[in-house]
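Data first, discussion second: the structure below is written as structure tokens.
The values are calculated or read from the model by the stated rules, or taken from the named source; none is laboratory data. Just so it is clear, the structure is predicted and the values come from calculations on it, not from any experiment. Ideal geometry is used to build each Cβ from the backbone, glycine not excepted, and the neighbour counts take in all protein chains shown.
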Amino acid sequence: MLLHSYVLEAGTTPISYFPIVLQLIMALVFVGGVMIATHLLGPKRKGSDKLENFECGIQSQGNARQPMAINYFLTAILFVLFDVEVIFFYPYAVNFKILGWAGFWEMVLFVAFFFAGFFYIIRKGALNWRD
Amino acid sequence: MNEIVFTAVFGVFLLFSGLFIRSKNAIRFIAITGMGLAFLVNGWEYFHPGNDWPGGMIHADHVSILFNAIALGCTLVYFLLSGKDFEQLGEHLAEYFALVYFILCGVGIASSFTSLLMLFLAIEIISIPQYILAGSQKSNLKSNEASLKYFLMGAFSTGFLLMGIALLYGSTGTFHIGEMNLGGSGIDPLVLTGILFLIVGLTFKVGGAPFHFWTPDVYDGAPSVVTSFMATVVKAAGFIAFLRLFSIAFSADNITAHWTLVIALIAAATLLVGNFTAVFQVSVKRMLAYSSISQAGFMILALVGLGTLAWDGILLYAAAYSLATIGAFAVLIRMEDYTYEGYRGLGKKQPLVALANTVFLLSLTGIPATAGFMAKYFVLSSALQRGGMLWLVILALCCAAVSAYYYFRLIWAMYFQEGEPAILPDRITPAFKGLLIFTALLVVAIGVYPGLVLNWLP
Amino acid sequence: MPISNYIFLSLALFCIGVMGVLIRRNAIIIFMCIELMLNAVNLMLVAFSKFHHDASAQVFVFFIMVVAAAEVSVGLAIIVMVYRQLHSVDVGVMNRLKH
């Protein structure tokens, strides 16, 4: 298959999970430490203004949970599609030397289909913000 | 393999032609021409076998190519009969046709896969465009609901299918269905669980009981043009994939001993549920939806049989059932009233349409001299070949007798009940009538001379 | 670690997903549970891939992810469409097809 099996030959002893545990501890210590530090070091004020939602300094208006323009959904959905398709570059990135020019042309074909989809979206007007 | 590449590329081509061509007639013409070309390209491969797909994940043998030809031929008939009705779905005409092409690409993979990866991709390529097509009437609540239901159920069954594949891989270490070597002495419980999951997933997809409950709702809610395709070519493709997987990977004797009874029970349940619920329907569209469940029950019988007769049977069934249902739906789309009452007096008002519709219904019942009879005959005899399945065959024959009731009720309404048919007369063109009669003749021709299909098998 | 642990973990995740689909009534939650089922399969495939020293299962996982993304985009579009019509994504509200 595409990936050669030597990629998977790393050991599986419990000790090989140590770096992950270390990173986990570091992350917890850092996050916890910073939170405690800001609590101790920062100035404290109490009042009604303090409890208001903060929206870049402007007075907040209305509820945030109201219908949004459909364009946001469309853009988000298209983003998910294009974002995940890129996953096929990973096997190629690992093996691009072994696959040689044949693999290169196959990737060019893949990207060409990709751009065909992109061109279609633009022509269809899916990315226009104003109707 | 030609068919897969052609339909995929032509689908993209249609998407783009939709951007630049405004004329609806031109787009329909392109779509129909493309289907004819696809049929020829696929036929060319029959006589000049090409190279296999790199990686050996797809192997198109003569059976696959014959099934592709049946699927493409039925879709061509479908486009010619109902192509005009695609315009009612919405404004994106080229996209609807393109989605049908993408489904056919999946059908091509389903008929020729050799790897479980390709099976998964085939089923998904077939399913995802259908979710969109089912919901294509955006302002119609029933269409929306059908689409959401179909999507949730389809994705749910995909989960089961994938779990089955993962368990099989865990035991055998390969996705290649020819290299699994399950015929050894000891059987891994992972394999049995995997087969069970695969049965659940695939039964969901083809709408067999006890996983049929989405079928009537979705077929009823989706626009009739779309239902006509979903219930025929797509369903047949699901069975081809099912049979291909089971006859290649799980046909060793000690494995069949474990799953044959399960499949036989599923077939029996599907036949009973489909037929006895269809009897009580008032809407013809919903009756056809339940009848598609009962026809699925007959196709599952081929899985019980698993031999050359089973392949003969399922290919004949695919052709007979698809042609007859596409024809019956083409008439249904032109009715204003989908109940039995709407068909009253059709025999007097539109004798040719009523005659063709009668032939389709007779074929669905399985009356001799129609394609449906031959298909049922081959499927039942393949099930008989397997010992101990006599009870199932007798049950199937009883169910066929029950099915005569609801099909003949429609024929009765057309010919023997007085009334004004709720048909839209301006949509019955001479060309439509001619095509409908041609389709009916095709159904009769296959029934009289099944070699029309079967002689192409090696 | 023995392979059975991975099998139990992914089967447990799978069952949680199945139960979620069967019990919950919100279309989005149901959809999330389906994604959980798919990811349980992904986990199992990766574990088996390591077990068999065969990378083809990992490529399979890529395909599952991509197909799941395609399903997400179509599914979310359908859910948004239904929401615009019904102002609800509760599958219990949808009963127009039951006669």
Report summary line: Okay, helices (runs of 4 or more DSSP H) sitting entirely in region B:203-320 with 3 or more residues that are farther than 30 Å from B:SER82 by Cα, I get B:235-249, B:253-278, B:284-305
Report task. Scan region A:18-59 for residues that are at pLDDT below 85 and of a type in the set (A, V, I, L, M) and report the count. Result -> 2
Query raised in the report: Looking only at region B:405-432, which residues are of a type in the set (Gly, Ala, Ser) and surrounded by fewer than 16 Cβ atoms within 10 Å (Cβ to Cβ)?
Result: B:GLY419, B:ALA431
Report summary line: Checked region B:186-228 for anything more than 12 Å from chain C (Cβ to nearest Cβ) and free of Cβ contacts under 8 Å to residues at least 12 places away in the same chain; matches are B:GLY186
Report task. Kindly indicate whether B:ALA60 is out of contact with any Ser or Thr (no Cβ under 6 Å at 6 or more places or on another chain) and either at pLDDT below 90 or assigned to a helix (DSSP H, G or I) (or both). Result -> no
Query raised in the report: Is there a residue in region B:268-280 that is under 15 Å from B:TYR405 (Cβ atoms) and in contact with a strand residue (DSSP E or B) (Cβ under 6 Å, 6 or more places away or on another chain)?
Result: no
**Report entry** Leading residue by the ranking (modelled with the highest pLDDT) among those in region B:373-432 that are farther than 30 Å from B:THR339 by Cβ and not in a helix (DSSP H, G or I)
**Finding:** B:MET389
Query - Unmet criterion (only one of (1) surrounded by fewer than 19 Cβ atoms within 10 Å (Cβ to Cβ); (2) within 7 Å of another protein chain (Cβ to nearest Cβ); (3) aromatic (Phe, Trp, Tyr)) for C:PHE48 - result: (1)
Requested in this report: Take region B:109-124 and flag every residue that is among the hydrophobic types (A, V, I, L, M, F, W, C) and either in contact with an Asp or Glu (Cβ under 7 Å, 6 or more places away or on another chain) or more than 9 Å from chain C (Cβ to nearest Cβ) (or both).
Outcome: B:ILE109, B:ALA110, B:PHE113, B:MET118, B:LEU119, B:ALA122, B:ILE123
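Residue-by-condition table, conditions (1) without any contact (Cβ under 8 Å) to a residue 12 or more places away in the chain; (2) facing chain B (nearest Cβ under 8 Å); (3) on the phi < 0 side of the Ramachandran plot; (4) of a type in the set (S, T, N, Q):
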site: C:PHE8; (1), (2), (3), (4): yes, no, yes, no
site: C:ILE16; (1), (2), (3), (4): no, no, yes, no
site: C:ARG24; (1), (2), (3), (4): yes, no, yes, no
site: C:ILE30; (1), (2), (3), (4): no, yes, yes, no
site: C:LEU36; (1), (2), (3), (4): no, no, yes, no
site: C:MET44; (1), (2), (3), (4): no, yes, yes, no
site: C:SER88; (1), (2), (3), (4): yes, no, yes, yes
